[in-house]
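Visitor: Structure in structure tokens, see below.
The values are calculated or read from the model by the stated rules, or taken from the named source; none is laboratory data. What you see is a predicted model, and the numbers here were worked out from it, not measured in a lab. FYI the Cβ positions are ideal-geometry reconstructions off the backbone, even for glycines, and counts take in every protein chain you see. Surface areas here come from the heavy atoms of the whole protein model, side chains and all, with no ligands, DNA or RNA. Shrake-Rupley method; radii C 1.70, N 1.55, O 1.52, S 1.80 Å.
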Amino acid sequence: MNIKTVTLLGADGKLGPAILHALLAADFTVTVLKRTSSKSPDNTYPSHVTVRRVSDDFTLDTLVPVLQGQDAVVVTIKGTQTGVQTKLARACVQAGVRRFIPADFGSCDSSSAWAQSLVPLFKHKTELRDVLMQLADESKAFSWTSLVCGHFFDWSPEFLHVWVRERRAETIDGGHAKWSASTLARIGEATARILLRPEETENRVVYVQSFLVSQVEVVRAYERATDSQWAVKDFESKRYEREEKAKADGGDREAVENLVWLLGTLDGNWEEKDGFAMKLLGLENENLDAVVRGVVEEHASKS
Ligand SMILES: NC(=O)c1ccc[n+]([C@@H]2O[C@H](COP(=O)([O-])OP(=O)(O)OC[C@H]3O[C@@H](n4cnc5c(N)ncnc54)[C@H](OP(=O)(O)O)[C@@H]3O)[C@@H](O)[C@H]2O)c1
């Protein structure tokens, strides 16, 4: 299976631009797919990127002709939007698209019972994975790969409970647990490598990272990068989980993000997983200090 043409849905989100960049760098022929109602402009991509718009309801009739001739589809819309992704995957089967990469890219392994019990998003992602497995069973020409990358490391320090300007951070249980995290560039690169190695990555979940770190190591790296001592507040995990879950059940969205932070920290060591795919994809760990310096510099340039 040789993949050359790739359609990307979600090119204007948080992750989409990094994936678009990596796909183009790997010389794929890229089409950006978007809804008719999408407000993001069509003229911000490189000139050799094709833009196709489809009706907001993502009907098979409108999708299939747009997807014909495409070898792969990559989706970077919200992971909760499984209805859209299911329609798209069914259209891929009809159009003869051979590889589908869903909007997984998780902080956590969505099949983890703990993750599913705390955050509904992960149950949705697993349900979509079940649909993809069924489609791949029914149609031998269709296949899927899910990429699990750990917390996005360089998207928003606050998401990782790191406040750069205030020189402070939060940790869980002393900050010693090891967790995998990925830069947006690493996730883009890994996505392109999956499509360059379609046989080895067929119908499976692959786990990648930029590095395996502890919160203490991350704080120390920020202290080195800012040449200052940081204030650290630590939480006991069981109590934190109980309190944030109660808030999340009451509709508090920040509490949901806090639970994702907790899960990605305590249940996010990909080096222990069978599907750890750094070697398979020909990827090496990145340097934590260099990445943290980049985050600090970007932060300084914005303030
Ligand atoms: N591991 C982590 O730390 C982490 C963090 C965040 C996200 N994620 C995961 O990364 C993936 C991408 O998430 P993201 O946060 O980057 O997404 P996002 O920023 O919410 O993505 C928005 C994109 O989706 C498009 N979109 C929105 N609604 C749509 C719909 N109904 N139909 C079609 N397109 C729609 C938007 O297009 P227009 O604006 O053009 O309309 C935009 O391009 C998800 O799987 C998410 O769970 C992981």
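Visitor: Look at region 133-187 and say how many of its residues are modelled with pLDDT of 95 or more, within 14 Å of the ligand (Cβ to nearest atom), within 26 Å of E236 (Cβ to Cβ) and polar (S, T, N, Q).
Guide: Looking only at that region, the number is 1.
Visitor: Looking at region 59-79 only, could you name the residues that are within 25 Å of A192 (Cβ to Cβ) and in a loop (DSSP other than H, G, I, E, B)? I'd like the intermediate steps shown before the answer.
Guide: The first filter runs over region 59-79 and keeps only residues within 25 Å of A192 (Cβ to Cβ), leaving 63, 66-79.
Passing the criteria: Q68, G69, Q70, D71, T76, I77, K78, G79.
Visitor: Filter region 80-119 down to the residues that are assigned to a loop (DSSP other than H, G, I, E, B) and of a type in the set (S, T, N, Q) and list them by number.
Guide: T80, Q81, S107, S110, S111, S112
Visitor: Let me ask something else about it. Residues of region 16-27 being within 16 Å of the ligand (Cβ to nearest atom) and either of a type in the set (S, T, N, Q) or open to solvent by 10 Å² or more (accessible area, probe 1.4 Å) (or both), which ones? Steps first, please.
Guide: Initial filter on region 16-27 (within 16 Å of the ligand (Cβ to nearest atom)): 16-23.
Within region 16-27, P17, A18, L20, H21, A22 qualify.
Visitor: Sticking with this one: Collect the residues in region 120-159 that are acidic (D, E) and either crowded, with 20+ Cβ neighbours inside 10 Å or outside any helix (DSSP H, G or I) (or both), keeping them in residue-number order.
Guide: If the condition is that a residue be acidic (D, E) and either crowded, with 20+ Cβ neighbours inside 10 Å or outside any helix (DSSP H, G or I) (or both), then D154 is the only one that fits.
Visitor: Next question. In region 204-303, which helices (runs of 4 or more DSSP H) lie fully inside it and hold 3 or more residues that are more than 23 Å from T126 (Cβ to Cβ) and either of a type in the set (G, A, S) or touching a Ser or Thr at 6+ places or on another chain (Cβ under 8 Å) (or both)? Walk me through how you get there before you give the answer.
Guide: Working: elements: 215-226, 237-249, 253-266, 288-302.
Here the list reads 215-226, 288-302.
Visitor: Ok, one more. Being aromatic (F, W, Y) and open to solvent by less than 50 Å² (accessible area, probe 1.4 Å) is the filter here, so list the residues in region 251-282 that pass it. So that I can check it myself, show each step before the final result.
Guide: Within region 251-282, the subset aromatic (F, W, Y) is 261, 270, 276.
Of everything in region 251-282, those that are aromatic (F, W, Y) and open to solvent by less than 50 Å² (accessible area, probe 1.4 Å) turn out to be W261, W270.
Visitor: Just one of the numbered conditions (1) more than 8 Å from the ligand (Cβ to nearest atom); (2) surrounded by fewer than 18 Cβ atoms within 10 Å (Cβ to Cβ); (3) at pLDDT 95 or above is not true of S47; which one?
Guide: (3)
Visitor: Something else about it: Out of T59, T126, I need the residue that is without any contact (Cβ under 8 Å) to a residue 24 or more places away in the chain and polar (S, T, N, Q). Which one?
Guide: Values: T59 fails: without any contact (Cβ under 8 Å) to a residue 24 or more places away in the chain.
The match here is T126.
Visitor: I'd like to check something: does region 95-105 contain any residue that is at pLDDT below 95 and not polar (S, T, N, Q)?
Guide: Let us first name the residues in region 95-105 that are at pLDDT below 95, namely none.
Scanning region 95-105 turns up no residue that is at pLDDT below 95 and not polar (S, T, N, Q).
Visitor: Right, here's the next one. Of the residues that make up region 50-61, is at least one in contact with a strand residue (DSSP E or B) (Cβ under 9 Å, 6 or more places away or on another chain), over 26 Å from Q134 (Cα atoms), of a type in the set (F, W, Y) and buried (at least 16 other Cβ atoms within 10 Å of the Cβ)?
Guide: No: region 50-61 contains no residue that is in contact with a strand residue (DSSP E or B) (Cβ under 9 Å, 6 or more places away or on another chain), over 26 Å from Q134 (Cα atoms), of a type in the set (F, W, Y) and buried (at least 16 other Cβ atoms within 10 Å of the Cβ).
Visitor: Taking the condition of being in a strand (DSSP E or B), open to solvent by less than 10 Å² (accessible area, probe 1.4 Å) and more than 15 Å from S107 (Cα to Cα), how many residues in region 163-189 meet it?
Guide: Residues that pass the stated criteria total 3.
Visitor: Now, a different point. Determine which member of the set L259, L283 is more than 19 Å from V213 (Cβ to Cβ) and at pLDDT 95 or above.
Guide: On the way: L283 fails: more than 19 Å from V213 (Cβ to Cβ).
The match here is L259.
Visitor: Of the residues V97, V74, V66, which single one is more than 8 Å from the ligand (Cβ to nearest atom), touching a Lys or Arg at 6+ places or on another chain (Cβ under 7 Å) and touching a residue at least 12 places away in the same chain (Cβ under 8 Å)? Spell out how you get there, then give the answer.
Guide: Details: V97 fails: touching a Lys or Arg at 6+ places or on another chain (Cβ under 7 Å); V74 fails: touching a Lys or Arg at 6+ places or on another chain (Cβ under 7 Å).
After ruling out the rest, the residue left standing is V66.
Visitor: Just to verify a result, which residue in region 33-47, among those that are in a loop (DSSP other than H, G, I, E, B) and touching a strand residue (DSSP E or B) at 6+ places or on another chain (Cβ under 8 Å), is nearest to V93 (Cα to Cα)?
Guide: To start, the set of residues in region 33-47 that are in a loop (DSSP other than H, G, I, E, B) comprises 36-47.
Still in the list and also touching a strand residue (DSSP E or B) at 6+ places or on another chain (Cβ under 8 Å): 36, 38, 40, 42, 45.
Values: T36: 23, S38: 25, S40: 28, D42: 27, Y45: 27 Å.
Looking at the filtered set, the residue picked out is T36.
Visitor: When you scan region 89-117, how many residues do you find that are over 17 Å from M133 (Cβ atoms) and open to solvent by 50 Å² or more (accessible area, probe 1.4 Å)?
Guide: The qualifying residues number 4.
Visitor: Could I ask something else about it? Looking at T80, is it more than 21 Å from I3 (Cα to Cα), near the ligand (Cβ under 10 Å from one of its atoms) and among the polar types (S, T, N, Q)?
Guide: On the way: more than 21 Å from I3 (Cα to Cα): yes; near the ligand (Cβ under 10 Å from one of its atoms): yes; among the polar types (S, T, N, Q): yes.
Taking the combined requirement at face value, the residue satisfies it.
Visitor: A further question follows. So is N285 open to solvent by 70 Å² or more (accessible area, probe 1.4 Å) and of a type in the set (S, T, N, Q) or not?
Guide: Numbers: open to solvent by 70 Å² or more (accessible area, probe 1.4 Å): yes; of a type in the set (S, T, N, Q): yes.
Criteria met by N285.
Visitor: Give region 209-250 a look and list any residue that's open to solvent by less than 90 Å² (accessible area, probe 1.4 Å) and more than 26 Å from V148 (Cβ to Cβ), or say none.
Guide: If the condition is that a residue be open to solvent by less than 90 Å² (accessible area, probe 1.4 Å) and more than 26 Å from V148 (Cβ to Cβ), then E223, A225, T226, S228, W230, A231, V232, D234, E243, A246, G250 are the ones that fit.
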